[in-house]
1. For 157, 66, give me the order by solvent-accessible area with a 1.4 Å probe, most accessible first, ignoring ligands, DNA and RNA.
2. Give, rounded to the nearest 20 debye, the magnitude of the charge dipole that segment 11-169 has about its Cα centre when Lys and Arg contribute +1 at Cβ and Asp and Glu contribute -1 at Cβ.
3. What is the gain in length, in nm to one decimal, between residue 136 and residue 121 on full extension, counting 0.36 nm per residue of separation less the C-alpha to C-alpha distance?
4. Over 30 Å between Cα atoms, which of 143/267; 143/231; 85/189; 45/259; 119/185 qualify?
5. Rolling a 1.4 angstrom probe over the protein chains, ignoring ligands and nucleic acids, what is the accessible area of residue 230 in square angstrom, nearest 10?
6. What FRET efficiency would be calculated for the residue pair residue 108, residue 233, taking the C-beta separation as r and a Förster radius of 25 Å, to the nearest 0.05?
Amino acid sequence: MNLDILPDDCFAHILSLTSPVDACRISIISSSIRISADSDGVWEKFLPSDYRGILSKLRHPLIYSSKKELFLMLCIPHLIDGGDKTFSLEKSTGKKRYMLSARELDITWADNPLFWSWKPFPTSRFHEAVELRTIWWLEIQGKINSRMLSPNTTYGSYLIVKFADRAYGLDYLPSKVSVQVGDVKSEGKVYLRQYESKKQCLETIWFSNRIELVVRSMAFRGITEERVPCKREDGWFEIELGSFYNHGGHDLEVKMSLKEVNGTHLKGGLVVEGIEVRPKQL
């Protein structure tokens, strides 16, 4: 079938039911198809339904000439809500993703300079991050409303951290991570240690006698999934706190946390940038 013979509005409607990637691919077929594929009617369908409200929250307004240009601009993280969060879109799907800064999190004793130190980090997206000086009770929690996220989407939440050169005591015991939406809760554990590769981390976990004993002692608690910090392209590390499915249409609070409150030893050197909530690649 010759696609050029379809009415422009009909073809544009068909494209709007596909994806941003499909619209870009098909636009190279012909110049007439490119006009439909690049139209505002198509790309407005790929934008979230509340995109105008999101634009009003941007710290720096965007100047754009088309809805396709706006979509591509929003695929880059932008500061919102006074600079305490970032918002962006997944380029392939148009799904929403957010990052909550450390200031948006509930970190036990974070306002006490004896335990935590707030300061700027050159590679951070935010004005400042927070570094753990020394503490024995480590508890970091974040919250986001499910209505802010894309419906019918599986999300993962990730704590974004760095490890200072002086980091100590963080992996003496595993930290408990969890994500809870309503009455549904997922749990796991992670060793807060800087690894250049997941393979190195797994080898250390499985062959270290000290950690092996800890694994056995925690088994009776039903916490069996083991997570590791993974290095990101931006130089930070991310720790998966858990995942959840957002049905949409419900006003639910998504609670995300990392805790290590069982040990009485001191620990320090963990730098917290925030928590990222993004669609998972299934």
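1. Accessible-area ranking of 157, 66, largest first: 66, 157.
2. Numbers: 21 positive and 16 negative charges, 47 e Å.
Using only the charged Cβ atoms, the result is roughly 220 debye.
3. 3.0 nm
4. Among 143/267; 143/231; 85/189; 45/259; 119/185, the Cα-Cα distance tops 30 Å for 45/259; 119/185.
5. 50
6. Calculated value: 0.25.
The values are calculated or read from the model by the stated rules, or taken from the named source; none is laboratory data. Bear in mind the structure is a predicted one, so any value in this text is a computation, not a measurement. Virtual Cβ from ideal backbone geometry, glycine too; neighbours counted across all protein chains shown. Side chains included, ligands, DNA and RNA excluded: accessible areas come from the protein's heavy atoms. Shrake-Rupley method; radii C 1.70, N 1.55, O 1.52, S 1.80 Å.
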